[in-house]
Amino acid sequence: MIQLSDEQLNNLGKEALIVIVSSLQDQLLALQSQLDHANAQLSDNNRQIELLTEQIRIMNQRFFGRKSEASVSEVDGQISLFDSFNEVEYLNQNSSKEPEITEVIIPSYHRKKSVGKRDAVIKSTDVYLSLIYDRLHELIYDSKVIHADESPVKVMRIDHTKIKNGKKTYMWVYRNRPLRGTHPIVLFDWQPSRHSDHPREFLKTFSGTVVTDGYQVYHKLAKERRDLKVAGCWVHARRPFAEFIKSVGQDASKGSIAQEAYSLITEIMHIDNTFDDLSATERKKQRQLVLSEKVDAYFAWAKQKYSQVTHNSTIGKALAYSINQEDYLRVFLSDGNVPMDNNYAEQAIRPFTIGRKNFIMIESSNGAKASATLYSLVETAKANMINTFEYFNLLLTEIPQHMDDKDFKFIDDLLPWSPRVQKECPSRYKKS
């Protein structure tokens with residue numbers, strides 16, 4: 001690089017000075033461009049660090065709970081990035097001596113299985129109780145709206161073939177939304193997989209709307225049939241934002257995208273709840289008058305914010321769910337009978353998921369099918385406010401007496417809402 005003295009600079013002509021100044025301007029512009037690029041990279045790195053911190057906090061919340069996080073101050077004693085992955089050990093460096101192996105061994109206890117009793121239950125369910133199940137399956141189609149969900153369960157033997165560690169299968173649940181002239185029905189359907197063939201078969205003659213949690217299988221069915229619609233669940237759309245707020249705390253989440261999304265969705269749902277006592281026609285009218293603009297505003301906001309966040313982040317995935325489910329989340333606006341959530345199905349399948357924690361897995365596919373029938377009758381009985389023990393006692397006493405009948409008209413007299421059953425199997429908890 002040539003360096004000119006003051007005398008040489010003074011002797012330069014006008015054209016030479018213009019060339020020098022122009023060159024300096026180009027260099028300044030290049031430096032400014034490099035600086036802007038560096039600032040952009042720095043901003044992106046800071047955002048990635050914030051997202052990583054957020055993910056670590058959520059992970060710690062899920063694995064160790066909030067209590068362990070609260071015990072570490074943000075200044076003194078702050079754990080490092082690597083310590084956070086083993087937070088419990090870090091916080092208990094002066095823990096007492098670990099017990100000897102002999103001190104923690106718990107004697108095992110194995111309850112002997114009564115094969116004869118188990119086979120008798122399966123046979124009674126298949127021969128007698130399945131008649132009630134099949135009739136309920138026919139009647140659930142009278143509803144305009146059905147809620148659907150599914151949950152995994154391991155089965156040890158499929159069609160007499162034993163599977164090591166069991167096979168992951170699925171218990172599907174379908175629950176109607178009882179309107180005028182219909183009664184609550186809850187049906188479980190065990191299937192060896194989560195394939196679309198199963199709901200396709202179960203819903204083959206149903207015409208109406210299925211409310212689901214966004215599983216693509218149901219969307220596939222809706223595309224195959226004109227008489228079947230699928231509605232999305234706003235509670236599922238709100239849930240990831242709620243989980244994020246819970247993980248970071250109310251104070252830390254103030255002003256965040258998660259807090260804003262949660263507030264927008266909650267407002268829409270709260271307003272819709274005020275329409276519960278209206279007729280389906282009037283509810284549809286109010287939704288279009290009051291909620292349509294708010295729903296439009298939410299999706300416009302979600303799409304704008306999605307372009308500003310990292311798509312693989314927790315918030316990015318939460319926004320993507322709403323955007324991808326938009327068509328299905330909007331269905332409630334055009335049908336007063338369709339709710340905004342799939343709580344009916346989630347409430348229906350909860351007893352099964354709680355029971356699964358105890359029995360862990362099911363012995364056989366025949367047992368799984370019998371379980372589906374039994375859960376169906378129990379939950380439908382509960383939904384119709386009758387005593388389940390008395391109801392099963394009635395069914396297993398009455399049905400065997402009709403096995404030689406030429407028709408099954410007697411079945412309708414044994415449905416949970418029939419006057420006879422309501423009289424003979426009153427629930428202790430039924431309001432008078």
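Exactly one residue out of Thr310, Thr314 is in contact with a Phe, Trp or Tyr (Cβ under 8 Å, 6 or more places away or on another chain), surrounded by 14 or more Cβ atoms within 10 Å (Cβ to Cβ) and not aliphatic (A, V, I, L, M), and it is Thr314.
Taking the condition assigned to a helix (DSSP H, G or I), buried (at least 16 other Cβ atoms within 10 Å of the Cβ) and either touching a strand residue (DSSP E or B) at 6+ places or on another chain (Cβ under 9 Å) or in contact (Cβ under 8 Å) with a residue 12 or more places away in the chain (or both), does His236 pass? So that I can check it myself, show each step before the final result.
On the way: assigned to a helix (DSSP H, G or I): yes; buried (at least 16 other Cβ atoms within 10 Å of the Cβ): yes; either touching a strand residue (DSSP E or B) at 6+ places or on another chain (Cβ under 9 Å) or in contact (Cβ under 8 Å) with a residue 12 or more places away in the chain (or both): yes.
Yes, satisfied.
Residues that are within 18 Å of Leu136 (Cα to Cα) and hydroxyl-bearing (Ser, Thr, Tyr) are absent from region 397-410 altogether. Could you tell me whether region 208-222 includes any residue that is part of a helix (DSSP H, G or I) and in contact (Cβ under 8 Å) with a residue 40 or more places away in the chain? Checking region 208-222: at least one residue is part of a helix (DSSP H, G or I) and in contact (Cβ under 8 Å) with a residue 40 or more places away in the chain. Screening Glu379 with (1) modelled with pLDDT under 95; (2) within 29 Å of His198 (Cα to Cα); (3) in a helix (DSSP H, G or I); (4) not hydrophobic (A, V, I, L, M, F, W, C) gives one miss only, at (1). Number of residues in region 317-358 that are within 24 Å of Asp142 (Cα to Cα), of a type in the set (Gly, Ala, Ser) and surrounded by 17 or more Cβ atoms within 10 Å (Cβ to Cβ): the value is 3.
Whether any residue in region 249-266 is closer than 20 Å to Glu346 by Cα and part of a helix (DSSP H, G or I) is what I want to check. Lay out the reasoning, then the answer.
Restricting attention to region 249-266, the residues satisfying the condition of being closer than 20 Å to Glu346 by Cα are 265-266.
Now restrict to residues that are part of a helix (DSSP H, G or I): 265-266.
There is at least one residue in region 249-266 that is closer than 20 Å to Glu346 by Cα and part of a helix (DSSP H, G or I).
For the residues Ala372, Ala368, the requirement of being in a helix (DSSP H, G or I), farther than 13 Å from Leu129 by Cβ and not charged (D, E, K, R) singles out Ala368. Only one of these conditions is not met by Gln27: (1) without any contact (Cβ under 8 Å) to a residue 60 or more places away in the chain; (2) under 30 Å from Ser313 (Cα atoms); (3) not basic (Lys, Arg). Which number is it? Single failed check for Gln27: (2). Determine if region 307-326 includes at least one residue that is basic (Lys, Arg), more than 18 Å from the chain's Cα centre (by Cα) and farther than 19 Å from Val145 by Cβ. Scanning region 307-326 turns up no residue that is basic (Lys, Arg), more than 18 Å from the chain's Cα centre (by Cα) and farther than 19 Å from Val145 by Cβ.
Filtered by the rule that a residue be surrounded by 20 or more Cβ atoms within 10 Å (Cβ to Cβ) and small (Gly, Ala, Ser), region 239-253 gives a lone residue, Ser247.
Here is a yes/no grid of residues against (1) surrounded by fewer than 18 Cβ atoms within 10 Å (Cβ to Cβ); (2) without any contact (Cβ under 8 Å) to a residue 12 or more places away in the chain; (3) among the polar types (S, T, N, Q):
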{"position": "Lys369", "(1), (2), (3)": "no, no, no"}
{"position": "Leu396", "(1), (2), (3)": "yes, no, no"}
{"position": "His402", "(1), (2), (3)": "yes, yes, no"}
{"position": "Lys406", "(1), (2), (3)": "yes, yes, no"}
{"position": "Lys409", "(1), (2), (3)": "yes, yes, no"}
{"position": "Ser418", "(1), (2), (3)": "yes, yes, yes"}
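The values are calculated or read from the model by the stated rules, or taken from the named source; none is laboratory data. Please read these numbers as outputs of a predicted model, since none were measured by experiment. Counting neighbours? That spans all protein chains shown, and the Cβs are built from the backbone with ideal geometry, glycine included.
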